[in-house]
Every structure is written in structure tokens, then in C-alpha cells.
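Visitor: Dumping the structure here so I can ask a few things about it.
The values are calculated or read from the model by the stated rules, or taken from the named source; none is laboratory data. None of the values given here were measured: they were computed from a predicted structure. Don't worry about glycine lacking a Cβ; one is built from the backbone with ideal geometry, like all the others, and counts go over all protein chains shown. With ligands, DNA and RNA removed, areas are computed over all heavy atoms of the protein, side chains included. Shrake-Rupley method; radii C 1.70, N 1.55, O 1.52, S 1.80 Å.
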Amino acid sequence: MDTRIAVIAIIVEDRSSSKQMNDILHEYGDYIIGRMGIPYRSKGISLVSVAIDAPNEIISALCGKLGNVQGLTAKAAYSKA
């Protein structure tokens, strides 16, 4: 199965949604290359980037699940390779 490299950008506007976000990311842990979170305290948000190597359907499903969580926004950027 062909895989793609992508970065999923997540904006956490409601900290209470962090547990649900982490639970979802844990489900897809086999595909995640790494992640980085940056709290932006003065704005009351956090920025999270997740690097992933997975089939297109998996990346789309992960973004969809994250996007359905109240207080989160998630978008994927795909590598051309």
C-alpha cells in the first residue's frame, strides 16, 4: 500500500479537548513520525504539528476525527513526494 508524508496542523482553542485529541492521536500512533506542541499562552491556544507517513485514507480519517472534536481545528499539508 502506498503511503504519503504529511503534516497535520492542529489548533487547540479549548484545552479541555486535549485529552480527546491525544486519544485520537494514540489510535494512529503506528503512522506518526513525530509531533510538536507549542502553547501560546498569551492567546490561550496551543499549536500542534504532527508528521505522519500513512496511506491517504488514514491521513484523511485522522484529520476528520480531529476536526470533529469541539475546540480543535485540523488541516493536513501533503508532500509531493
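Visitor: With Ile10, Ile58, Ile5 as the choices, which residue is touching a Ser or Thr at 6+ places or on another chain (Cβ under 6 Å) and aliphatic (A, V, I, L, M)? Let's see the steps before the verdict.
Guide: On the way: Ile10 fails: touching a Ser or Thr at 6+ places or on another chain (Cβ under 6 Å); Ile58 fails: touching a Ser or Thr at 6+ places or on another chain (Cβ under 6 Å).
From the options Ile10, Ile58, Ile5, the qualifying one is Ile5.
Okay, residues lined up against (1) open to solvent by 30 Å² or more (accessible area, probe 1.4 Å); (2) touching a residue at least 40 places away in the same chain (Cβ under 8 Å):
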position: Ile8; (1), (2): no, yes
position: Ser16; (1), (2): yes, yes
position: Met21; (1), (2): no, yes
position: Met36; (1), (2): yes, no
position: Pro39; (1), (2): yes, no
position: Ile58; (1), (2): yes, no
position: Leu62; (1), (2): no, yes
position: Gly67; (1), (2): yes, no
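Visitor: When the residues of region 72-81 are filtered to those that are at pLDDT 95 or above and among the small types (Gly, Ala, Ser), which remaining residue is surrounded by the fewest Cβ atoms within 10 Å (Cβ to Cβ)?
Guide: Ala77
The rows are residues; the columns are (1) out of contact with any Gly (no Cβ under 6 Å at 6 or more places or on another chain); (2) in a loop (DSSP other than H, G, I, E, B); (3) farther than 22 Å from Asp2 by Cβ.
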residue: Ser16; (1), (2), (3): yes, no, yes
residue: Asp30; (1), (2), (3): yes, yes, no
residue: Pro39; (1), (2), (3): yes, no, yes
residue: Ala61; (1), (2), (3): yes, no, no
residue: Gly64; (1), (2), (3): yes, no, no
residue: Thr73; (1), (2), (3): yes, no, yes
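Visitor: I want to confirm something. Restricting to region 41-56 and keeping residues that are open to solvent by 50 Å² or more (accessible area, probe 1.4 Å) and under 30 Å from Met1 (Cα atoms), which single residue is modelled with the highest pLDDT? So that I can check it myself, show each step before the final result.
Guide: Taking region 41-56 as the starting set, the residues that turn out to be open to solvent by 50 Å² or more (accessible area, probe 1.4 Å) are 41-43, 47, 53, 56.
From what is left, the residues that are under 30 Å from Met1 (Cα atoms) are 53, 56.
Values: Asp53: 97, Asn56: 94.
Per the criteria, the residue is Asp53.
Visitor: Identify, by number, the condition in (1) surrounded by fewer than 12 Cβ atoms within 10 Å (Cβ to Cβ); (2) of a type outside the set (Val, Ile, Thr); (3) modelled with pLDDT of 95 or more that Met1 doesn't meet.
Guide: That leaves (3) as the condition not met.
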